[in-house]
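Written out below as structure tokens is the structure these notes cover.
The values are calculated or read from the model by the stated rules, or taken from the named source; none is laboratory data. These numbers were taken from a predicted model, which means no experiment stands behind them. Please note: Cβ atoms are built from the backbone with ideal geometry, for glycine as well, and neighbour counts cover all protein chains shown. Calculation scope for accessible area: heavy atoms of the full protein, side chains included, ligands and nucleic acids excluded. Shrake-Rupley method; radii C 1.70, N 1.55, O 1.52, S 1.80 Å.
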Amino acid sequence: MTDTSVDPPRTPRRSPAGAAEAPRPPARRGHRPGTTRPDDGNATAATRPAGTRPTTARPAEGAAHLAATERPAAGTVGVEAVVGGAGALGPAGADLHLDLPATGSRRSALMDALREAIRSGRLAPGTRLPPYRALAADLGIARNTAADAYAELVAEGWLTARQGSGTTVAERAEPVPPTRARRSSRPPRPAHDLRQGQPDAAAFPRTAWLAAGRRALTAAPNEAFGPGDPQGRRELREVLADYLARARGVRTDPDRIVVCSGFAHALRLLFDGPRAVLPARTAGSLAVEGYGLAFHRGLLAAAGATTRPLPLDEHGARVGGLAEDPEIRTALLTPAHQFPTGGPLHPGRRAAVVDWARGRGGLVLEDDYDGEFRYDRQPVGALQGLDPERVVYLGTASKSLSPALRLGWMVLPDHLVDRVLAAKGEREAWASALDQLTLAEFIDSGGYDRHVRRMRRRYRDRRDRLVGALAEHAPHIEVTGIAAGLHAVLRLAPGTERSVLKAAAYRGLVLDGLADYRHPLLAAEVMPATDGLVVGYATPPDHAYPAALEALCAILPPPL
């Protein structure tokens, strides 16, 4: 309740010498004689009358501020108080959440809520509480009520108060035991990480990305901070159209690009859900390469798609088998760098698969997962350039920058753009507009090209060190797929892959076996299984790479 009374004016008293004395400060409103009252903690030795001693049992305001962030629900009064400043008696900056019933005594309700918070351990010993004035203002109760609740809890031993230092939760001889931490189900971090598909996280261009983000946010129009366009920011689609044409030979324009959150998201838009662009019930079988990522096969299987494996040889996927199966209408390929065995699709087969798509009325999905990283030859252009109406080009920033960005893009035939946008919905629900603007600025300013060139040199050096270490310690091991990409394949003697992986696990070395990528329906008589290791030389940071190479060479089997 707010006190609206007005004190009458006071006349100055006269001293014996006749000099007018300064008027005494008015008594605090609501103060009852004989009670201990909290003050605001601002009194100092310089402002107290001489000869007086500070009160030591008053809850004090201290140096603090309170910011209300939520409105209470009907029937309750809630407060979220953010306490600032470094407290000498305990940690500052803790949030205080209290729910008070809408009826009944405010003082009793506040005391009960504080007792329960302390008793449950939510307010730990030493936690600084908000100033009572700020707490009262936020709760909508009288200051006297909050001050009296604090004073009562101090008297009961729940709280402690010192002049100028604020009010804190009292220390207890037997504190409430903390909540038992949940055990993580994640495996411990390996000693040596040579998994494929991950760039060096330590090499992310933080400074350049931050500068691009600042420029992008400064120049961004106001509407960029509203609901997102499911097709993606126009700024990003424009620079992507220019970059992909220049660096990858893609033929497109911004209106045929749809931004997504990665390759898996693109597959889901095409094959999964009630608005799938290529629903499994009508799209027929999907041809995939005989070796590929099991995660992608599982995603397609979950969407109801039936995948048929294409055998591989030194020239890539044997696409001649597409014409032999009339049920196949779509093929998913990695033409520039077969994953994971390495090597580009032969030029004759590139032309053949495009001719098949034209004749069958089908589609080729081109996964250009690491198109920027070529070392010993000229980059192989995108298959999409041969026929933009029969090839869906899929790219991401996962290998060139970081999978944490969750940004990818689909370059679509004209007749699929509206269908993909319908599958995405009316608003962008996946890719951050701010990240899109930053990537657009990063590409447009030349930062992306500089980063790719720098990483190309670094990864080429990593590859050369891998090849050199194998030549010195295991010259009998054949290394393939090293002309491009972020990984290499080490061929092993038949029957040795499983034992080598066990030895690697024993040494804390994480890497993949080639068998994990083989399609389960790929017949041995069509393409015999090969033992091998898939080694990602881009994953470890620079300082950890030598030890990882040493561990790798130690687990390789001797020559037969």
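Considering only residues of the range 404-418 that are in contact with a Leu (Cβ under 9 Å, 6 or more places away or on another chain) and not in a loop (DSSP other than H, G, I, E, B), which is nearest to residue 201 (Cα to Cα)? Give the derivation first.
Restricting attention to the range 404-418, the residues satisfying the condition of being in contact with a Leu (Cβ under 9 Å, 6 or more places away or on another chain) are 405, 407-411, 413, 416.
If we keep only those that are not in a loop (DSSP other than H, G, I, E, B) as well, we get 405, 408-411, 416.
Values: 405: 12, 408: 18, 409: 21, 410: 25, 411: 27, 416: 35 Å.
Here the residue is 405.
Any residue in the range 371-386 that is out of contact with any strand residue (DSSP E or B) (no Cβ under 7 Å at 6 or more places or on another chain) and of a type in the set (Phe, Trp, Tyr)?
No, the range 371-386 contains no residue that is out of contact with any strand residue (DSSP E or B) (no Cβ under 7 Å at 6 or more places or on another chain) and of a type in the set (Phe, Trp, Tyr).
Kindly provide the set of residues from the range 501-560 that are of a type in the set (Asp, Glu) and not in a loop (DSSP other than H, G, I, E, B), ordered by number. Break it down stepwise before answering.
The first filter runs over the range 501-560 and keeps only residues of a type in the set (Asp, Glu), leaving 512, 516, 525, 531, 542, 550.
Answer for the range 501-560, where residues must be of a type in the set (Asp, Glu) and not in a loop (DSSP other than H, G, I, E, B): 512, 516, 542, 550.
State yes or no: is residue 340 in contact with a Pro (Cβ under 9 Å, 6 or more places away or on another chain), buried (at least 19 other Cβ atoms within 10 Å of the Cβ) and in a loop (DSSP other than H, G, I, E, B)? Break it down stepwise before answering.
Details: in contact with a Pro (Cβ under 9 Å, 6 or more places away or on another chain): no; buried (at least 19 other Cβ atoms within 10 Å of the Cβ): yes; in a loop (DSSP other than H, G, I, E, B): yes.
No: the conditions fail for residue 340.
From (1) in a helix (DSSP H, G or I); (2) surrounded by fewer than 16 Cβ atoms within 10 Å (Cβ to Cβ); (3) not β-branched (Val, Ile, Thr), pick out the condition that doesn't hold for residue 476.
Single failed check for residue 476: (1).
In the set 288, 319, which member is in contact (Cβ under 8 Å) with a residue 60 or more places away in the chain and under 18 Å from residue 367 (Cβ atoms)? Spell out the reasoning first.
Working: 319 fails: in contact (Cβ under 8 Å) with a residue 60 or more places away in the chain.
Result: 288 is the single residue among 288, 319 that is in contact (Cβ under 8 Å) with a residue 60 or more places away in the chain and under 18 Å from residue 367 (Cβ atoms).
So, of the residues in the range 142-163 that are open to solvent by less than 40 Å² (accessible area, probe 1.4 Å) and touching a residue at least 60 places away in the same chain (Cβ under 8 Å), which turns out to be farthest from residue 107 (Cα to Cα)? Even if it seems obvious, please write down each step before you answer.
Narrowing the range 142-163 to residues open to solvent by less than 40 Å² (accessible area, probe 1.4 Å): 142, 145-151, 153-154, 159, 161.
Okay, now just the ones that are also touching a residue at least 60 places away in the same chain (Cβ under 8 Å), so 142, 147, 150-151, 154, 159, 161.
Numbers: 142: 9, 147: 9, 150: 9, 151: 11, 154: 14, 159: 15, 161: 18 Å.
Selected residue: 161.
Can you name the residue in the range 88-135 that is β-branched (Val, Ile, Thr) and assigned to a loop (DSSP other than H, G, I, E, B) and is also modelled with the highest pLDDT among such residues? So that I can check it myself, show each step before the final result.
Taking the range 88-135 and keeping what is β-branched (Val, Ile, Thr), we get 103, 118, 127.
If we keep only those that are assigned to a loop (DSSP other than H, G, I, E, B) as well, we get 103, 127.
Values: 103: 79, 127: 86.
Among them, the one singled out is 127.
From 223, 235, grab the single residue that is touching a residue at least 60 places away in the same chain (Cβ under 8 Å), in a helix (DSSP H, G or I) and open to solvent by 30 Å² or more (accessible area, probe 1.4 Å). Break it down stepwise before answering.
Values: 223 fails: touching a residue at least 60 places away in the same chain (Cβ under 8 Å).
Selected residue: 235, the only one of 223, 235 that is touching a residue at least 60 places away in the same chain (Cβ under 8 Å), in a helix (DSSP H, G or I) and open to solvent by 30 Å² or more (accessible area, probe 1.4 Å).
Return yes or no: is residue 420 in contact with a strand residue (DSSP E or B) (Cβ under 6 Å, 6 or more places away or on another chain) and of a type in the set (Val, Ile, Thr)?
Details: in contact with a strand residue (DSSP E or B) (Cβ under 6 Å, 6 or more places away or on another chain): yes; of a type in the set (Val, Ile, Thr): yes.
Yes, satisfied.
Can you confirm whether the range 306-314 contains a residue that is open to solvent by 20 Å² or more (accessible area, probe 1.4 Å), in a loop (DSSP other than H, G, I, E, B), under 27 Å from residue 419 (Cβ atoms) and out of contact with any Ser or Thr (no Cβ under 7 Å at 6 or more places or on another chain)?
No, the range 306-314 contains no residue that is open to solvent by 20 Å² or more (accessible area, probe 1.4 Å), in a loop (DSSP other than H, G, I, E, B), under 27 Å from residue 419 (Cβ atoms) and out of contact with any Ser or Thr (no Cβ under 7 Å at 6 or more places or on another chain).
Of the conditions (1) open to solvent by less than 10 Å² (accessible area, probe 1.4 Å); (2) at pLDDT 95 or above, residue 170 satisfies every one except a single condition; which number is it?
The one condition residue 170 does not meet is (2).
Within the bounds of the range 454-461, is there any residue that is within 35 Å of the chain's Cα centre (by Cα), open to solvent by less than 30 Å² (accessible area, probe 1.4 Å) and modelled with pLDDT of 95 or more? Before you say what the answer is, go through the steps one by one.
To start, the set of residues in the range 454-461 that are within 35 Å of the chain's Cα centre (by Cα) comprises 454-461.
This time we only want the ones that are open to solvent by less than 30 Å² (accessible area, probe 1.4 Å), so: 455, 459.
This time we only want the ones that are modelled with pLDDT of 95 or more, so: 455, 459.
Checked against the condition, which is being within 35 Å of the chain's Cα centre (by Cα), open to solvent by less than 30 Å² (accessible area, probe 1.4 Å) and modelled with pLDDT of 95 or more, the range 454-461 yields at least one hit.
If we scan the range 489-505, do we find a residue that is on the phi > 0 side of the Ramachandran plot, among the small types (Gly, Ala, Ser) and crowded, with 18+ Cβ neighbours inside 10 Å? Step through it out loud before you land on a result.
Residues of the range 489-505 on the phi > 0 side of the Ramachandran plot: 495.
After this cut, where a residue has to be among the small types (Gly, Ala, Ser) as well, the list is 495.
Imposing the further condition that a residue be crowded, with 18+ Cβ neighbours inside 10 Å reduces the set to none.
The answer is no; no qualifying residue exists.
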